[in-house]
Amino acid sequence: MIWYPYEQMKTMRAPYKIVNAEGVYLYTEDQKLIDSVSSWWSVIHGYKHPEINQAIEMQLKKFAHVMLGGLTHEPAEKLSQKLQSWLPGDLDYCFFSDSGSVAVEVALKMALQYYVNHKETHRTMVLALEHAYHGDTFKAMEAGDDEDYHFVLKAYGKSKDVVHIPTEIDALEHAFAKYHDRLNCFIVEPLLQGAGGMKMYDISFLKRARELCDQYDVLLVFDEVATGFGRTGNRFAADLVLPDILVLGKALTGGYIGHAVTVANRKVYEGFYDDAPFHALMHGPTFMGNALACSAALKSIELFEEQDYMSKIHRIEAITRREMEGFSDRRIKEVRIMGGCVCIEVYDSDTIKGYQQFAYKRGVFSRPFLKYLYAMVPYVIEEGELIKVLQTMKEWFSKKY
């Protein structure tokens, strides 16, 4: 049987069985649903996109996958070249992997080994944010700060190698003053913290982080697995503040196939480029650079560019702000909007229990969690479809007493 994610198997409701999907819609045997969460924020072009389908089919006629160990292939080479030209600054060196969590592990490993290679073995600490979520593999969990997901780490006790701070400049400056000589990196979800509660913060925090990382020679890592490809209203937060290492996943392939990339700048790359074999990055996911995934990613980026997806995202934000203007309820703590994300945070998690079934009956698939009712829609959504998602969210509060 399937062991489902983030569920107590003994008490979980039966999941909705999808029999087809196209555009922004999921189809069950009895319902047509707007996917308001883009399959965990990844399906930015909608489902069954003909051009991405064709790109995968063309590659499939050649081969589906070969390992990158001792081999290479055109889709991986082209994707690396495209990212090198497309990403800001000197983020030029692409290490592929098969999921965002693994890509974060690679980034944290890179940061640690960069200093080990420079004989600075005392730099074992990672600075991260409160409410951070970077994935469910072990070092990613340690960098995270959400007991709802990572309570299993209590078995080890509090880590001496990770410090978590709020998104406040005073706390940031204090942490660097206290720990700077032991830090190898500062890792953040820039501007928007996803699974930790769709928390949003100002760019000034990241600008100050960049200054402090430069001052104290600490690597700045942006985990843009969720925030990249326009979700914050910026193409990448890295376009505004340049990190040393950038992690991308989710929308990288348009949500078609699990794939991710950890992109390093020249400084980090040259910290491994040496005659000494033990200075190499000893990491190698089996499916890194998968040819089908790289083909999907190349077409996804092409669509993003040629069809001016940033305009689509700005339109989604404008419609969302218009529709949510003045909306409030005594049970709502805050309504937050940024780019292609809207979140209603309530005071009590019981307030949104049952919303998923309520939305299903109205033709919307939603997956609220904890105290957060949110939408991260596919960028190809039409105005009427987006309004339906937002009206369903508002209607929940008008009908529930």
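The values are calculated or read from the model by the stated rules, or taken from the named source; none is laboratory data. Please read these numbers as outputs of a predicted model, since none were measured by experiment. All Cβ positions, glycine included, derive from the backbone under ideal geometry; neighbour counts span all protein chains shown.
Being in contact with a His (Cβ under 7 Å, 6 or more places away or on another chain), within 30 Å of ASP30 (Cβ to Cβ) and either modelled with pLDDT of 95 or more or buried (at least 20 other Cβ atoms within 10 Å of the Cβ) (or both): is that true of VAL346 here?
Values: in contact with a His (Cβ under 7 Å, 6 or more places away or on another chain): no; within 30 Å of ASP30 (Cβ to Cβ): yes; either modelled with pLDDT of 95 or more or buried (at least 20 other Cβ atoms within 10 Å of the Cβ) (or both): yes.
It is false that VAL346 is in contact with a His (Cβ under 7 Å, 6 or more places away or on another chain), within 30 Å of ASP30 (Cβ to Cβ) and either modelled with pLDDT of 95 or more or buried (at least 20 other Cβ atoms within 10 Å of the Cβ) (or both).
Would you be able to say whether some residue in the stretch 297-315 is over 30 Å from GLU77 (Cα atoms) and in the same structural domain as ASP30 (by TED's automatic domain parsing)? Steps first, answer last, please.
Our first condition is that a residue be over 30 Å from GLU77 (Cα atoms); within the stretch 297-315, this holds for 314-315.
Cutting the leftovers down to in the same structural domain as ASP30 (by TED's automatic domain parsing) gives us 314-315.
Looking through the stretch 297-315, at least one residue is over 30 Å from GLU77 (Cα atoms) and in the same structural domain as ASP30 (by TED's automatic domain parsing).
Which one is surrounded by the fewest Cβ atoms within 10 Å (Cβ to Cβ) among residues in the stretch 1-23 that are touching a residue at least 12 places away in the same chain (Cβ under 8 Å) and not in a loop (DSSP other than H, G, I, E, B)?
Only one residue fits best here, namely GLU22.
Give the number of residues within the stretch 349-371 that are in contact (Cβ under 8 Å) with a residue 60 or more places away in the chain and buried (at least 20 other Cβ atoms within 10 Å of the Cβ).
Number satisfying all stated conditions: 4.
Inspect the stretch 136-143 for any residue being out of contact with any helix residue (DSSP H, G or I) (no Cβ under 7 Å at 6 or more places or on another chain) and either at pLDDT 95 or above or buried (at least 16 other Cβ atoms within 10 Å of the Cβ) (or both) and give the result as yes or no.
Initially, the stretch 136-143 is screened for residues out of contact with any helix residue (DSSP H, G or I) (no Cβ under 7 Å at 6 or more places or on another chain), giving 138.
If we keep only those that are either at pLDDT 95 or above or buried (at least 16 other Cβ atoms within 10 Å of the Cβ) (or both) as well, we get none.
Looking through the stretch 136-143, none of the residues is out of contact with any helix residue (DSSP H, G or I) (no Cβ under 7 Å at 6 or more places or on another chain) and either at pLDDT 95 or above or buried (at least 16 other Cβ atoms within 10 Å of the Cβ) (or both).
Evaluate the following for LYS48: is it on the phi > 0 side of the Ramachandran plot and at pLDDT 95 or above? Give the derivation first.
On the way: on the phi > 0 side of the Ramachandran plot: yes; at pLDDT 95 or above: yes.
The answer is yes for LYS48.
Name the single residue that is farthest from THR121 (Cα to Cα) among those in the stretch 179-208 being touching a helix residue (DSSP H, G or I) at 6+ places or on another chain (Cβ under 6 Å) and among the aliphatic types (A, V, I, L, M).
LEU191
In the stretch 266-290, what residues are out of contact with any Phe, Trp or Tyr (no Cβ under 6 Å at 6 or more places or on another chain) and in contact (Cβ under 8 Å) with a residue 12 or more places away in the chain?
ARG266, LYS267, PHE272, ASP274, HIS283, GLY284, PRO285, THR286, PHE287, ASN290
Just give me the residues in the stretch 267-288 being of a type in the set (A, V, I, L, M), surrounded by 11 or more Cβ atoms within 10 Å (Cβ to Cβ) and assigned to a loop (DSSP other than H, G, I, E, B), in sequence order. Break it down into steps so the answer makes sense when it comes.
If we filter the stretch 267-288 for residues that are of a type in the set (A, V, I, L, M), which is where we start, we get 268, 276, 280-282, 288.
Subset that is surrounded by 11 or more Cβ atoms within 10 Å (Cβ to Cβ): 268, 280-281, 288.
Correct list: ALA280, LEU281, MET288.
Checking ASP145 against (1) in contact (Cβ under 8 Å) with a residue 24 or more places away in the chain; (2) within 15 Å of LEU183 (Cβ to Cβ); (3) part of a loop (DSSP other than H, G, I, E, B); (4) in contact with an Asp or Glu (Cβ under 6 Å, 6 or more places away or on another chain): exactly one of these is not met. Which one?
For ASP145, the exception is condition (2).
Within the stretch 217-231, count every residue that is among the β-branched types (Val, Ile, Thr) and under 21 Å from MET125 (Cα atoms).
Step one: of the stretch 217-231, the residues among the β-branched types (Val, Ile, Thr) are 218, 221, 225, 227.
Right, trim to under 21 Å from MET125 (Cα atoms) and you get 218, 221.
Counting residues in the stretch 217-231 that are among the β-branched types (Val, Ile, Thr) and under 21 Å from MET125 (Cα atoms) gives 2.
Scan ALA359, ALA375, ALA291, ALA318 and give me the residue that is farther than 30 Å from VAL104 by Cα, touching a Leu at 6+ places or on another chain (Cβ under 9 Å) and small (Gly, Ala, Ser).
Details: ALA375 fails: farther than 30 Å from VAL104 by Cα; ALA291 fails: farther than 30 Å from VAL104 by Cα; ALA318 fails: touching a Leu at 6+ places or on another chain (Cβ under 9 Å).
Answer to the selection: ALA359.
Out of all the residues in the stretch 176-218, which are surrounded by fewer than 20 Cβ atoms within 10 Å (Cβ to Cβ), in contact (Cβ under 8 Å) with a residue 40 or more places away in the chain and either assigned by TED's automatic domain parsing to the domain that holds TYR347 or in a helix (DSSP H, G or I) (or both)?
TYR179, ASP181, ARG182, TYR216, listed by residue number.
Answer yes or no as to whether SER300 is assigned to a helix (DSSP H, G or I) and surrounded by fewer than 12 Cβ atoms within 10 Å (Cβ to Cβ).
The answer is no for SER300.
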